[in-house]
Amino acid sequence: MAAHAAETDPTISPMPERTPKALRRALAEDAPQLLPDFDKHWKRAIADTYDIEPEPAFVARWWCEYAIARDPRLDAHVRDLHRRAAETADFAEAQALLEEVSKIRYRTRELEPGE
């Protein structure tokens, strides 16, 4: 499965610790284009509210984002699925493409730090 690509491709960085700080550091190294969205989301959801209750959901979302972004082939595949879903006029086809994206994201949740 592509979500476990790091096991077979040494060029893909391992997953960081499951903390906001570690995720931010990993994003800065491997997917800096995502940092502005990460920082805006952190500010809106946590920093501006002084509420850490949403932190687990925040980490879960960015865990998946990083897991996909760190693997160029997986990232390209997910982007292609989104593009194809947006371009098709066939609802069933779009739904199937987006369900594939959902399955990929779901599988990334199972990754552990270091994988």
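Overall, the chain carries a charge dipole of about 220 debye about its Cα centre when +1 sits on the Cβ of Lys and Arg and -1 on the Cβ of Asp and Glu, all other atoms neutral. Extension gain for A60-A89 works out to 7.3 nm (0.36 nm per residue, less the C-alpha to C-alpha distance).
So what's the gap between the Cα centers of the range 72-95 and the range 24-52, to the nearest angstrom? Answer, in whole Å: 26. At q = 0.12, 0.14, 0.16, 0.22 Å⁻¹, what is the log10 ratio I(q)/I(0) for the chain, with the Debye formula run over Cα points and no solvent? Calculated log10 I(q)/I(0) at the listed q: -0.46, -0.62, -0.78, -1.20.
Throughout, read-outs are computed from the coordinates displayed, never taken from laboratory work. Just so it is clear, the model here is predicted, and its values are computed rather than measured. We place every Cβ from the backbone using ideal geometry, glycine too, and count neighbours over all the protein chains shown.
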